[in-house]
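One structure below.
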Amino acid sequence: MKIWKDQILKETGQLQEELVQWRRNLHRHPEVGFELEFTKGFVKEKLIEMGCEPADCGKCGLVVLLGKPGKRTILLRADMDALPITEEAEIDYVSQCEGYMHGCGHDMHTAMLLGAAKVLKAHEGELCGQVKLMFQPAEEIFAGSHDMIEAGVLENPHVDAAMTLHVTTGVPLPVGFLRVPEGGTGTSSSDEFHIIVNGKGGHGAMPHLSVDPINVMSHICIALQEIHAREVPAGEFLVITPGIFQAGKASNIIADQAEMYGTIRTGDQKMVEFAKRRITEISESVAKTFRATAEVSFAKSCPPMIADHDMAAAARKYMTELLEHAVIPPVNDTPKVAGGSEDFAYVSCEVPTIGMFLGAGNSREGAIYPQHHPKAEFDDSVLSRGAAVYAYMAVRWLEENGLSVSCRSLN
Ligand SMILES: [Zn+2]
Ligand SMILES: [Zn+2]
């Protein structure tokens, strides 16, 4: 264990300058969704230079397998996509692609996992099992992880455990500090609802001859608030937010139709099903009460991300070995479920998973803008540390869960 720690910290530390160059190159060339031609090409080229054999997976993903066939396989994942926003950060490696920016730090993750790949490749023969590297597209649209699962990323060989890492900025996690969540729900699910109310249009002066869909939708909008207020136990996490409410074209015309779009956020798949059922029942019955009809549909779903209890405990142990005091202890006032969503949740539904957070800038250090902001900045001095977190998680997990007793005793 001691040998691995020193080895990995030393080797990732030596890569720091190279990782900064890789990350800044990726930062200058942000791409979104599944359209990652430059990014995927760059990652593939670097992996081949290291002697890895990257394989295409799904619409735009890459998979690398390292180690020797054994009883167990651990998956390490980095997302590679950027956001459709114009960068306003004052840095000399600012985005060269108008309208696109690595505003969530996925360029950092990609460089870190490449660094881990280089170190793990150099020690391939000493691993007690296999490491599968997953470079995924389209996290920001909650589609890339699911697409790679459909394409078989969790099989051949079967993945037994999975880990991911996300950098943070603009939040109170100091640079280089690591937060390892406790077991349980980590990030919330995200589901979109869409309601159409069909009324009967007419003259604004004669509402009795019409069925006003704006009035009906207003009653539905208020009624939906009662789901959380009156049907969910106090302390349970559920948010139902109408984000779009639209109808009508003129002040003196009663419209035919009204539409509403909104989002459901919670930490429990059963709660998602409950909310969907009640939104449908309430919308249809309120519409019927006022002589209209309602059509309800749902789209763009991402399940809640679940941190596996054993993986969380293992990650905390390994990371404390590696980074000592730089691992933030669990705090009681941290909300159980974060409001944001993360599409690695799809993997967490299939295999024991842990997702960790690495501080890469906060307001005390002058990084006052949060992720997804046009002025968000990330401190790339943490790149080698991120690479070490990925690599150390894999070697230690395999050491304790991997091949055989004899292999364990070697290290
Ligand atoms: Zn993001
Ligand atoms: Zn992100």
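A few remarks follow.
- Per-residue Karplus couplings for region 247-262, computed as 6.51 cos²θ - 1.76 cosθ + 1.60 with θ equal to phi - 60°, are listed in order as 5, x, 10, 8, 6, 10, 10, 8, 6, 7, 9, 10, 10, 9, 10, x Hz, Gly and Pro entered as x.
- Here the label points at GLU18 and GLU236, each 7 Å from Cα along the C-beta direction, are separated by 5.2 nm in the simple model.
- Take every pair of alpha-carbon atoms less than 8 Å apart whose residues are at least six positions apart; their mean separation over the length of the chain yields a relative contact order of 26 percent.
- Over region 190-302, accessible surface divided per residue gives 55 Å², non-protein components excluded, 1.4 Å probe.
- Exceeding the 26 Å Cα-Cα cut-off - candidates LYS132/LYS317; LYS132/LYS375; LYS59/LYS276; LYS249/LYS288; LYS59/LYS317: LYS132/LYS375; LYS59/LYS276; LYS59/LYS317
- Close amide H contacts of ILE254 (hydrogens built in the peptide plane, cut-off under 5 Å, sequence separation of 5 or more or a different chain): GLY202, HIS203, GLY204.
- Rolling a 1.4 Å probe over the protein chains gives TRP22 an accessible area of about 20 Å².
- Computed from the alpha carbon atoms alone, the convex hull of the chain holds 153 Å³ per residue.
- 20 Å cut-off, amide nitrogen to a point 7 angstrom out along GLU45 Cα→Cβ, residues in region 4-27: 16-27
- Helix 2-14 axis versus longest C-alpha principal axis of the chain: approximately 70°, rounded to the nearest ten.
- These residues, LYS118, LYS59, go from largest to smallest accessible area, 1.4 Å probe, as LYS59, LYS118.
- For the chain, the share of DSSP beta bridges that are antiparallel, to the nearest 5, is 65%.
- Modelled spin-label separation between ILE141 and LEU65, with each label point placed 7 Å from Cα along the Cα-to-Cβ direction: 3.0 nm.
- ASP379 accessible area, assembled protein chains, probe 1.4 Å, Å²: 60
- Maximal additional length on extending the ALA55-TYR261 stretch stands at 70.3 nm, based on 0.36 nm per residue less the C-alpha distance.
- The slack between LYS270 and GLU37, meaning 0.36 nm per residue of separation minus the straight C-alpha distance, is 80.1 nm.
- Each peptide in 43-55, 306-318 was scored by the mean count of other Cβ atoms within 10 Å over its residues; highest first, the order is 306-318, 43-55.
- The residue among LEU15, THR280, MET148 whose Cα reaches farthest toward the positive pole of the charge dipole of the chain, with charges on the beta-carbon of Lys, Arg, Asp and Glu, is THR280.
- Counting heavy atoms of the protein chains alone, VAL232 has an accessible area of about 20 Å² for a 1.4 Å probe.
- Magnitude of the charge dipole for the chain, about its Cα centre and with charges confined to Cβ atoms of Lys, Arg (+1) and Asp, Glu (-1), is about 720 debye.
- FRET efficiency for the LYS10 to ASN156 pair, using the beta carbon distance and R₀ = 30 Å, is estimated at 0.35.
- Per residue, the average separation of C-alpha pairs within less than 8 Å and at least 6 apart gives region 190-302 a relative contact order of 44 percent.
- HIS166, HIS373, ranked by accessible area, largest first (probe 1.4 Å): HIS373, HIS166
- Within region 190-302: Cβ-based charge dipole about Cα centre, in debye rounded to nearest 20 (Lys, Arg +1; Asp, Glu -1): 140
- Derived from the Cα gyration tensor, the three semi-axes of the equivalent ellipsoid of region 190-302 are 29, 13, 11 Å, largest first.
- Summary of the geometry: region 166-205 and region 13-79, compared by the centres of their Cα atoms, lie 28 Å apart.
- Restricting attention to region 1-159, close to 60% of DSSP beta bridges with both partner residues there are antiparallel.
- Taking label points 7 Å from Cα along the Cα-to-Cβ direction, HIS194 and GLU365 give a separation of 4.2 nm.
- Helical contribution to [θ] at 222 nm, DSSP H n ≥ 4, -39,500 (n - 2.57), averaged over the chain, rounded to 500: -11500 deg cm²/dmol
- Couplings for region 122-135, taken from phi via the Karplus curve 6.51 cos²θ - 1.76 cosθ + 1.60 with θ = phi - 60°, read 5, 10, 3, x, 9, 6, 8, x, 10, 10, 10, 9, 10, 9 Hz in order; Gly and Pro are left as x.
- Which of ARG77, ARG364, ARG179, ARG277 is most accessible, then next, and so on - probe 1.4 Å: ARG364, ARG277, ARG179, ARG77
- Since only CYS128, LEU36, LEU383 are under comparison, the one whose Cα sits farthest along the positive direction of the charge dipole of the chain, derived from C-beta charges on Lys, Arg, Asp and Glu, is CYS128.
- Positive-end residue of GLN225, GLY204, PHE237, charge dipole of region 190-302 with Cβ unit charges: GLY204
- Sulfur and carbon atoms: percent of accessible area, region 190-302 [1.4 Å]: 54
- Applying 1/(1 + (r/R0)^6) with r as the Cβ-Cβ distance of ASP310 and SER285 and R0 = 45 angstrom yields a FRET efficiency of 0.50.
The values are calculated or read from the model by the stated rules, or taken from the named source; none is laboratory data. Quantities reported herein were computed from a predicted structural model and do not represent experimental measurements. Cβ sites come from the backbone with ideal geometry, for glycine too, and all protein chains shown count toward neighbours. We work out accessible area using only protein heavy atoms, side chains counted, and drop any ligands, DNA or RNA first. Shrake-Rupley method; radii C 1.70, N 1.55, O 1.52, S 1.80 Å.
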